[in-house]
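Trainee: To start, I am sharing the structure in question, which I have written as structure tokens.
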Amino acid sequence: KIENIHFDGNVSDDPTPWNSGNYDSFTGSQALYIAAATDFTVSNCKLTNSNWANLRIANCIRGSVSNVQTDRSRGNFGDGVYTFKSIGVKFSNCDAYDFTRIGFVGEGDATTNSEELKYVNCTARFGHDNSVDYGGSEINTGFWAENTESAYYTNCSTDDTNAQGFIFAPST
């Protein structure tokens, strides 16, 4: 159980101006990475200033993430929350703000899908400087589900992202 903590990944400053040589040149770390956990809880936390995702959840089973705010995720994979090959994770009252790729990602790979991801009252705001602007391949999106079975969204919203609000890519 992780509660009432502020995690800071200490990402480097934004480039001035953004360009093809620096859009993915950040240093720092991910604020919080949860791997291979079962029945975990993260609540009332702030996750800031990360190179890649502020919150990364990988290969987990049954989790609850509530009242979590992410702020300032950077780089080609600068996601607010990234969930990979996980089952039964619920996000409620979470906010992803100021990201350079995606606010909330649910993703699997060619062999293992994520399953039963639930998002309730979550917001993704201010996605900017996506890598396609500088020669990369990633776009800004509020919510993204790829190789994910049974993703549910209730009262979720996205605002001020460069490309899309919600993207659903089928399992391969």
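The values are calculated or read from the model by the stated rules, or taken from the named source; none is laboratory data. Fair warning: this is a prediction, and the values are worked out from it, not measured in the lab. As a convention, Cβ positions derive from the backbone with ideal geometry for all residues, glycine included, and neighbour counts pool all protein chains shown. Surface areas here come from the heavy atoms of the whole protein model, side chains and all, with no ligands, DNA or RNA. Shrake-Rupley method; radii C 1.70, N 1.55, O 1.52, S 1.80 Å.
Trainee: Under a crude label model (7 Å from the Cα following the beta-carbon direction), how far is residue 152 from residue 61 in nanometres?
Mentor: 2.0 nm
Trainee: Oh, and also: What's the extension gain from residue 41 to residue 27 if we count 0.36 nm per residue and subtract their Cα-Cα distance?
Mentor: The residue 41-residue 27 span can extend by a further 2.2 nm.
Trainee: Let me know the shape class of region 95-158, please: from the alpha-carbon gyration tensor, a ≥ b ≥ c as square roots of the eigenvalues, rounded when a/c is under 1.5, otherwise prolate if a/b is greater than b/c, or oblate.
Mentor: It is oblate, given that a/c is not under 1.5 and a/b is not larger than b/c.
Trainee: Let me ask you something else. Please give the charge dipole size of region 43-169, origin at the Cα centre, charges +1 on K and R Cβ atoms and -1 on D and E Cβ atoms. Round to the nearest 20 debye.
Mentor: The dipole of region 43-169 has a size of about 420 debye.
Trainee: Provide the per-residue ³J(HN,Hα) series for region 83-99, in order, calculated from phi with Karplus coefficients 6.51, -1.76, 1.60 and θ = phi - 60°, each as a whole number of Hz, with x at glycine and proline positions.
Mentor: Those phi angles translate into 10, 10, 6, 10, 10, x, 9, 10, 10, 9, 6, 10, 9, 9, 10, 6, 10 Hz.
Trainee: Which one is right for this structure if Rg and Dmax of the Cα atoms in Å is calculated from it: (1) 27.2, 92; (2) 14.7, 43; (3) 17.7, 58?
Mentor: (2)
Trainee: Could I ask something else about it? Among 79, 39, 95, which one shows the highest mean-square fluctuation when the chain is modelled as a Gaussian network with alpha-carbon springs under 10 Å?
Mentor: Among 79, 39, 95, the largest mean-square fluctuation in the Gaussian network model of the chain belongs to 39.
Trainee: By how many nm would the segment from residue 16 to residue 167 lengthen if fully extended, with 0.36 nm per residue of separation less the alpha-carbon distance?
Mentor: Using 0.36 nm per residue and subtracting the Cα-Cα distance, I get 51.4 nm.
Trainee: Keeping every protein chain present and rolling a 1.4 Å probe, give me the accessible area per residue for the chain in Å².
Mentor: Accessible surface, normalised per residue, equals 44 Å².
Trainee: What trypsin sites (Lys or Arg not before Pro) does region 1-56 have in DSSP loop regions with at most 13 other beta carbons within 10 Å?
Mentor: Here the sparse-neighbourhood loop sites are 1.
Trainee: Between 93, 67, 22, find the one with the highest GNM mean-square fluctuation for the chain; connect C-alpha pairs within less than 10 Å.
Mentor: Evaluated over the chain, the most mobile residue of the options is 22.
Trainee: Taking all protein chains as present, what is the carbon and sulfur share of the accessible area of the chain, in % to the nearest whole number, probe 1.4 Å?
Mentor: 45 percent
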